[in-house]
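Before any comments, here is the structure.
The values are calculated or read from the model by the stated rules, or taken from the named source; none is laboratory data. Remember, it's a predicted structure, so these values are computed and weren't measured experimentally. Every residue, glycine as well, gets a Cβ built from its backbone with ideal geometry; the counts of neighbours run over all protein chains shown. Note: accessible area is taken over every heavy atom of the protein model, side chains too, but ligands, DNA and RNA are not part of it. Shrake-Rupley method; radii C 1.70, N 1.55, O 1.52, S 1.80 Å.
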Amino acid sequence: MSTIKTHYNRRSFLKISAASGGGMLLGFSFLAGCKADVVAEQIKTKALPKNWFDMNAFLKIGENGLVTILSPNPEIGQNVKTSMPMLIAEELDVNWEDVVVEQAGFDKNKYERQVAGGSQSIRHGWTSLRTAGATARRMLLEAAAQKLEVPVDELRTENGIISHKNSDKTISYGEVASVASQIEIPEEVQLKDPKDFKIIGQGIKNVDGQKIVTGQPLFGLDYKRDGMLIAMIEHPPAFGMKLKSVDDSKAKTMSGIKGVYTIDTSSLSEQRPTIFAFSEVVAVVGNSTWEVLQAKKALNIEWEKANTLEDSATHSQEMDKFLANKNIEAKRKDGNPSKAFKDASKIIERVYTAPFLAHNTLEPMNFFADVSSEKADLVGPIQTPQWASGMVADALGMDVENVSIDMTRQGGGFGRRLYGHFVVEAALISKAAQSPIKLIYTREDDMSYGVYRPAYKVKYRAAINDKNEMTAFHVSGVGAHGGPVWENRFPAGAVEHYLAEDQSIETVVSTGAWRAPKSNFIAGAEQAFLDEVAEAIGKDPIDFRLELFEKAKANPVGEENDYDAERYAGVLKMVREKSGWDNQKSGVHRGVAAYYCHNSYVAQVVDIIEKNGKPAIQKVWSAVDCGIVVNPEGAKNQIEGGLIDGIGHAMYSAMSFKDGVPQQKNFNTYNLIRHMDAPMEIETHFVDNGIDPTGLGEPGLPPVMGALANALYKATGKRFYDQPFAQNKELLG
Amino acid sequence: MAEFTINLNGKSTKVDVAPNTPLLWVLRDHLDLVGTKYGCGIAQCGACTVHIDDIAMRACTLPISQISEQKITTIEGLSENGTHPVQKAWLEHDVAQCGYCQTGQIMTAAAFLKDNANPSDDEIARAMNGNICRCGTYTRIKAAVKTAAKNQ
Ligand code: FES
Ligand code: FES
């Protein structure tokens, strides 16, 4: 058991009595409107209560013991809407069957870090959410002590029932909820010992599962409000172009069209030009999606050149030039790499490349906005509601207190919905049209107005001495825009002479975070390179890495190494054992890789067989160390999705530009992995070490790119350096 | 604008829309049936899959004027309260991540299993290949289709 200071500010525990609690009743907006159904659908054990008593910002309890937990963070498919409430319910000590989960709106006074990004929700919520549950439990206990007239220390809880040790007196949470909600917030609470967990560690099913499989309204695109119109935009067709003139004479008169508006988003592009590319877009507003789509096509817009119109070929040449530069400033240097390379008996040098990538969330960008002169009311899918509300306030010249954001379930994020320019556009369109609107991007708009994963190149060099040891390691990366190198990650710390460099070329193409930023490229490159080094010195690739980790553990080079060599080696050992690495099977070509990012460690083995004359992925094995696994089923799903995402993008996907124009605009030209290309089987194992939990949304993706490249080499005899690998003909059927 | 009467989820339903309006937008904008999703609009992703006379079709490229007497089934009409064996299998395997593609996946799987009650892994992959899951739930979908085949 650990004692935790609650540290809550009063506002986060605003108490609303049942009498004054109109706000507690369900049904005041679309989101809440569907909540009544959610509640009805989710409840298996109890009827809907008459009153809800707010215990704190995260939970309310009905007089019949039903509990509503508000899940604070955006749900983009990483399953936090299930796993975060599990943390609260655990410490509250209730039956999960008595819990109903709702998405909380954005409220910076009540919640911390309402962000979906960096795989940090569970890591950050681990203590605070359990504390919220434990605090409410303590208040319920105190209320029960008053009612039962016994000392609070003699009371215990189990599954929502409070019982007295020395008598047969019991009372339920529901019966004391009203009194408990009036009790002073305790300054300290006790958290459970992990061995007493009853909900954490259980495979709890997705709380929205029923709604998802029955097609109920859940997503931003499903949102509707009375009087709402549909809006769509036209943006410049090329990066480096801007609006010159609009002829909307035809579009305006078309059936169902309310108006055409030029929307000035320069407040964004001026502040963050590498992320927000366009300073003006043209919006069409009308009654229905199809009518607006027709009018959008009927617009006659002239665009003009505002900047360089870039080509992917030029990006590539430019990056080559940067890599060839002899005087790059070191990000990290240990020992004397140049001497070690001079003294080497063998040097291996390889260059790896990857293209820009679009996020392609299956639900395209969209947002609802209802803006008046006093307030802006926004609803939709966004990973960063706080940032978005600030940007909206700026763009409207409105106090941020008057901007409200509610979050829907989100049809994928992958980093794309960190960048809420579409929220600002929706607000400005609503203001211009003087109507509530829902802005919808077509797939083409979404793909060609991206905040792309940068294109990357990296050059690796390894020096091998006459004793067949790797004596020096040199990594030099470049990206458009932003380089891919993490200078303090493995094998930094394990090699005597080490040099890391990182550069960025400028581009007018907007770029940003994409699931596991930088790692989504560098992990695969690094792990493929280490495979070649291991081969060159005649070692098993797992043994080779384990020896490096031994060195990093016993005698680390430098002080900034950002990984724990023991845990890193641990996942490699686990994947070796679980996959039966040491008993190689004929006809199965295997590759291995391990990577650390977002505070979690993942090792993977990819097995490739030949099927219909081409390599096919038979199985992927993962060993994962993310500390305590909150929800094993959800955790497995994240690892499976992450590795399929990694394989898919390494094999098939690319975004390219010609004269600034995105060359892929829909799924007929932008390839995503499909059923037939997916691994036939996946097996995932977790290290059980009782360490506080860390992220899972991203770490499953990066290493598999390396394991895949290494397995493909075994299967084809050829090393693959340039993503997407399937551009090589022998990999396609 | 023109008036159309369609046979939707077992009910005769009237809508007044332009004849070239795809069924997808008729369902979503005019009938408030939003379980049929928009993902690409060009018959590439399968998010908009519905059944037309029990055959899986892409609602995004199917103009309302081309449907006459045929029976249209959307996810909302697949079963009462999600009790179709495919929906139940989806819940059992906790397939969804973001969940956005899953109604389309379910509709494709349900039509496929009507034709092939006992499919092999390869047949499942081929039948489902037109449905993209950006979150990568493919192995769970395969397992769920097998469970549904067993239970139907
Ligand atoms: S929306 Fe119809 S197939 Fe993609
Ligand atoms: S679950 Fe997200 S697209 Fe399939």
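Remark: accessible area buried at the B-A interface is about 4800 Å², both chains counted, probe radius 1.4 Å. When the other protein chains are added to the chain by itself, burial of at least 30 square angstrom of heavy-atom accessible area (probe 1.4 Å, ligands and nucleic acids ignored) affects these residues of the range A:212-240: A:Ile212, A:Val213, A:Thr214, A:Gly215, A:Phe219, A:Leu221, A:Asp222, A:Lys224. Structural descriptor for the range B:2-76: relative contact order 38 percent, calculated from alpha carbon pairs under 8 angstrom and at least 6 residues apart. Can you give the net charge of the other residues whose Cβ lies under 9 Å from the Cβ of A:Leu701, counting K and R as +1 and D and E as -1? After counting each charged neighbour, the total is -1. Accessible-area loss of 50 Å² or more (1.4 Å probe, protein heavy atoms, chain alone versus all protein chains) is found in the range A:274-301 for A:Thr289, A:Trp290. Summarised as an ellipsoid, the protein assembly as shown has semi-axes of 42, 37, 28 Å, derived from the eigenvalues of the Cα gyration tensor scaled by 5 and square-rooted, with the largest first. For the residue pairs A:Lys250/A:Lys431; B:Lys37/B:Lys142; A:Lys297/B:Lys11, the alpha carbons lie more than 31 Å apart in A:Lys297/B:Lys11. When the alpha-carbon atoms of the range B:2-76 are used, the pair Rg, Dmax equals 10.9, 29 angstrom. Report in % the part of the accessible area of the range B:85-150 that belongs to carbon and sulfur, leaving out ligands and nucleic acids; probe 1.4 Å. Of the solvent-accessible surface of the range B:85-150, carbon and sulfur hold 47 percent.
By the Stokes-Einstein formula, at 0.692 mPa s and 37 °C, the range A:521-582 with its Kirkwood radius over alpha-carbon pairs has D equal to 261 µm²/s. Relative to one another, the C-alpha centroids of the range A:444-503 and the range A:226-246 are positioned 38 Å apart. The value given for the range B:65-140 is a Kirkwood hydrodynamic radius of 13.5 Å, derived from the mean inverse Cα-Cα separation.
Rolling a 1.4 Å probe over the protein heavy atoms leaves A:Trp126 with an accessible area of roughly 10 Å². Positive contributions from Lys and Arg (+1) and negative ones from Asp and Glu (-1), summed over other residues with Cβ under 12 Å from the Cβ of A:Val424, come out at -1.
Global dimensions of the range A:244-283 from alpha-carbon coordinates: Rg and Dmax equal 13.2, 38 Å.
Starting from the Cα of B:Asn129, step 7 Å along the direction of its Cβ; do the same at A:Asn668; then give the gap between the two resulting points in nm. Distance between label points: 1.9 nm. A straight line joining the Cα centroids of the range B:81-147 and the range B:40-58 runs 14 Å.
Overall size of the range A:219-280 from C-alpha positions, given as principal axis extents largest first: 36, 33, 18 Å. Neighbours of A:Ser656 by Cβ distance under 11 Å: Lys/Arg scored +1, Asp/Glu scored -1, total -1. For the residues of B:78-87, the average number of beta carbons from a partner chain within 10 Å of their own beta carbon is 3. Given a Förster distance of 60 angstrom, what is the FRET efficiency for A:Lys614 paired with A:Arg113, based on the Cβ-Cβ distance and rounded to 0.05? For R0 = 60 Å, the calculated efficiency reads 0.85. So if we plug the beta-carbon distance of B:Glu92 and A:Arg350 into 1/(1 + (r/R0)^6) with R0 = 56 Å, what FRET efficiency do we get, rounded to 0.05? Between B:Glu92 and A:Arg350 the formula returns 0.75. Across the protein chains, with a 1.4 Å probe defining accessible surface, the residues A:Lys258, A:Lys457 rank A:Lys258, A:Lys457 from largest area downward. For the segment B:29-38, counting C-beta atoms of other chains within 10 Å of every residue's C-beta and taking the mean gives 5.
Sorted on the mean count of surrounding Cβ atoms within 10 Å across their residues, most packed first, peptides B:73-84, A:376-387 read A:376-387, B:73-84. Entry for the range A:246-388 at q = 0.09, 0.10 Å⁻¹: log10 I(q)/I(0) = -0.56, -0.65, Debye formula applied to identical alpha-carbon scatterers, no solvent contribution.
With R₀ fixed at 51 Å, the C-beta to C-beta distance from A:Glu444 to B:Gln70 puts the FRET efficiency at about 0.95.
Among the residues of B:114-124, the average count of other protein chain beta-carbon atoms within 10 Å of the residue beta-carbon is 1. With all protein chains in place and a 1.4 Å probe, the accessible surface of the range A:598-648 carries 44 percent carbon and sulfur. Take A:138-151, B:101-114 and order them by the average number of nearby Cβ atoms within 10 Å per residue, most first; the result is B:101-114, A:138-151.
In this structure, the pairs whose alpha-carbon distance is over 28 Å, taken from A:Lys244/A:Lys296; A:Lys459/A:Lys551; A:Lys242/A:Lys658; A:Lys339/A:Lys573; A:Lys321/A:Lys342, are A:Lys339/A:Lys573.
Ranked by the mean number of other Cβ atoms within 10 Å per residue, highest first, peptides A:699-708, A:197-206, A:441-450, A:248-257 order as A:699-708, A:441-450, A:197-206, A:248-257.
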